[in-house]
Amino acid sequence: MRTKVAIVGAGPAGLMLGQLLSQMNISNIIVESRSREYVEGRSRAGQITPATVRILTQSGVGERVHAEGMKHSTLQFHYDGSTRELDFEALTGQTVMIYGQQEIIKDLVAARLRTEYPLLFGAANVQVHGTDGNSPSVTFRHDGRQQSVECDFVVGCDGFHGICRPQIADALTCYSHAYPFAWLAVLAEMTPIAKDVIFSSHETGLALFTMRSAKVSRIYLQCSPDEDPNEWSAARIWDLLQSRIEGRPEKVDGGAIIEKSIVQLRSFVAEKMQKGRLFLAGDAAHIVPPTAAKGLNLAVSDANILARGFEHFYASDKDDLLLSYSGIALKQVWRDVQFSHSMAMLLHRYDDNAQFHRRLQIAELDRILGTGPAAQNFAELWVGSPPFTASI
Ligand code: RFL
């Protein structure tokens with residue numbers, strides 16, 4: 001088999017890149033190790049920025065986002081016993097959408113299956129070869145047969161634990177930061193307790209209340225990194241959520257828990273995001289703590305930048321845009337890593353010198369939620385404006 005671009009991984013980065021390339025009539029294959037059911041059922045991100053909505057729309061997969069996504073224009077911060085609102089639409093003129101990552105995946109898979117290009121689920125032992133030269137290939141086992149795909153380029157969209165980044169480890173400088181806390185992530189059949197996302201910075205730790213639909217709530221509770229989710233009964237979860245929003249009017253009456261897991265919080269950036277004919281996109285190259293809901297949006301942004309580079313290459317035989325991929329993508333990545341990290345510092349309980357940290361957090365929250373330029377700055381970062389990719 002021969003194709004122009006071989007994509008490893010069918011998460012948001014890989015499927016988005018495949019969709020954009022297919023629109024440009026650039027032949028490509030996507031090779032995914034998991035099954036379609038698993039990939040479409042994986043519930044993760046839920047907030048998408050205007051830039052992501054625009055890319056989805058322009059690439060022909062925006063119909064359901066617009067029909068079913070929930071438009072949000074304000075955020076609530078609950079701390080020191082009371083709640084303050086940040087109206088980011090008033091400050092920036094932009095809104096964000098709540099629309100589950102698994103729904104985006106379903107939309108992209110459906111669109112992919114309407115094209116002539118292959119999307120192979122359940123590929124085993126995926127390996128990448130020859131990306132330092134001009135004729136790379138990807139090998140794997142699929143449908144009981146060993147297969148080899150020759151290509152011009154390989155793109156590793158295979159997430160943080162994938163095989164592509166280690167392939168070029170010698171050329172990468174990696175920056176990472178592990179946070180001393182984790183999140184208990186809960187998906188529950190519960191009517192959202194409020195119309196907005198609520199960040200509660202409580203003395204005992206963060207509670208983040210968000211939603212996925214009119215009937216499904218997503219709740220995150222700060223916990224320690226070594227927690228076992230099985231030790232979190234429904235009653236324990238609802239009691240902790242209630243205590244962390246003390247002072248608010250809502251009574252949490254719980255609901256059936258659909259899913260619960262522990263999410264480790266880390267920041268990680270690999271520089272550069274390319275070597276030879278292998279490129280990295282999305283979580284394969286960088287991870288942000290989910291505090292500012294940027295991971296999925298960065299994955300889509302990388303895919304968009306890279307697709308423009310391939311389009312330019314195949315139209316003009318010039319690789320200048322491909323060579324500057326990392327430089328362009330990393331500007332946005334570091335901006336979002338910095339913002340996500342500052343939100344992590346702002347909202348969690350740090351056991352080390354806790355009372356001092358607490359006073360600093362309150363001073364900073366007061367500043368952001370005041371009438372000065374900090375509110376404007378925060379709002380712009382929240383909606384991801386201006387996108388660094390606007391000029392591409
Ligand atoms: P993914 O989604 O991890 O997809 C990688 C794909 O590659 C496959 N794969 C392989 N395929 C073939 N061969 C191999 N050897 C392979 N190894 C792996 C995997 O099976 C998988 O299908 O990476 P991608 O595409 O870069 O997308 C990144 C996003 O999924 C991630 O950044 C977000 O989910 C992060 N995130 C959030 N981002 C947001 O923008 N907004 C949010 O509100 C938000 N909330 C979250 C989040 C992530 C979370 N977790 C679980 C880490 C909330 C949570 C709880």
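Annotations for the structure displayed:
- Top-ranked residue of region 269-325 - restricted to ones that are among the aromatic types (F, W, Y), away from the ligand (no atom under 16 Å from the Cβ) and in contact (Cβ under 8 Å) with a residue 40 or more places away in the chain, ranked as nearest to R44 (Cα to Cα): F310
- Restricted to region 324-337, and to residues there that are in a helix (DSSP H, G or I) and among the polar types (S, T, N, Q), the residue that is nearest to the chain's Cα centre (by Cα) is Q332.
- Filtering region 12-32 to residues that are closer than 30 Å to S316 by Cβ, touching a helix residue (DSSP H, G or I) at 6+ places or on another chain (Cβ under 8 Å) and near the ligand (Cβ under 6 Å from one of its atoms) leaves P12, A13, G14.
- Check on V149, more than 11 Å from the ligand (Cβ to nearest atom) and surrounded by 12 or more Cβ atoms within 10 Å (Cβ to Cβ): yes
- Among the residues of region 346-368, the ones that are farther than 17 Å from H78 by Cβ and not in a helix (DSSP H, G or I) come to 4 in all.
- Extreme residue, farthest from the ligand (Cβ to nearest atom), among residues of region 33-52 that are within 18 Å of the chain's Cα centre (by Cα) and among the charged types (D, E, K, R): E40
- Selection from region 186-215 of residues that are of a type in the set (V, I, T) and under 14 Å from Q47 (Cα atoms): V197, I198, T210
- The residue list R64, R84 contains one member that is surrounded by fewer than 18 Cβ atoms within 10 Å (Cβ to Cβ), part of a strand (DSSP E or B) and more than 12 Å from the ligand (Cβ to nearest atom), which is R84.
- Residue in region 253-266 that is open to solvent by less than 30 Å² (accessible area, probe 1.4 Å), within 12 Å of the ligand (Cβ to nearest atom), within 28 Å of L172 (Cβ to Cβ) and touching a residue at least 12 places away in the same chain (Cβ under 8 Å) present: yes
- Matching option when the condition is touching a helix residue (DSSP H, G or I) at 6+ places or on another chain (Cβ under 7 Å), in contact (Cβ under 8 Å) with a residue 12 or more places away in the chain and under 19 Å from I7 (Cα atoms), among Y117, Y79: Y117
- Single match in Y175, Y220 (criterion: of a type in the set (S, T, Y), at pLDDT 95 or above, assigned to a strand (DSSP E or B) and surrounded by 16 or more Cβ atoms within 10 Å (Cβ to Cβ)): Y220
- Of the residues making up region 187-195, at least one is hydrophobic (A, V, I, L, M, F, W, C), closer than 25 Å to S224 by Cβ and either in a strand (DSSP E or B) or in contact with a Cys (Cβ under 7 Å, 6 or more places away or on another chain) (or both).
- All told, L91 meets the bar of being hydrophobic (A, V, I, L, M, F, W, C), within 25 Å of G295 (Cβ to Cβ), open to solvent by 30 Å² or more (accessible area, probe 1.4 Å) and assigned to a helix (DSSP H, G or I).
- Hits in region 178-203 (condition: open to solvent by less than 50 Å² (accessible area, probe 1.4 Å), within 15 Å of the ligand (Cβ to nearest atom) and either polar (S, T, N, Q) or under 30 Å from K272 (Cα atoms) (or both)): Y179, F181, A182, W183
- Only listed residue being open to solvent by 10 Å² or more (accessible area, probe 1.4 Å), free of Cβ contacts under 8 Å to residues at least 40 places away in the same chain and polar (S, T, N, Q), chosen from S73, S27: S73
- All of (1) within 16 Å of the ligand (Cβ to nearest atom); (2) in contact with a strand residue (DSSP E or B) (Cβ under 6 Å, 6 or more places away or on another chain); (3) under 30 Å from I7 (Cα atoms); (4) modelled with pLDDT of 95 or more hold for L208 with one exception: (3).
- Qualifying positions in region 35-45 - surrounded by fewer than 16 Cβ atoms within 10 Å (Cβ to Cβ), out of contact with any Phe, Trp or Tyr (no Cβ under 6 Å at 6 or more places or on another chain) and at pLDDT 95 or above: E37, Y38
- Residue check, D170 open to solvent by 40 Å² or more (accessible area, probe 1.4 Å), in a helix (DSSP H, G or I) and of a type outside the set (K, R): yes
- Subset of region 1-11 [more than 9 Å from the ligand (Cβ to nearest atom), farther than 19 Å from R114 by Cβ and in contact with a Cys (Cβ under 6 Å, 6 or more places away or on another chain)]: A6
The values are calculated or read from the model by the stated rules, or taken from the named source; none is laboratory data. Because the structure is a prediction, the values reported are computed rather than measured. Here the Cβ is made from the backbone with ideal geometry for all residues, glycine too, and neighbour counts use every protein chain on show. In case anyone asks, the SASA skips ligands and DNA or RNA and just uses the protein heavy atoms, side chains included. Shrake-Rupley method; radii C 1.70, N 1.55, O 1.52, S 1.80 Å.
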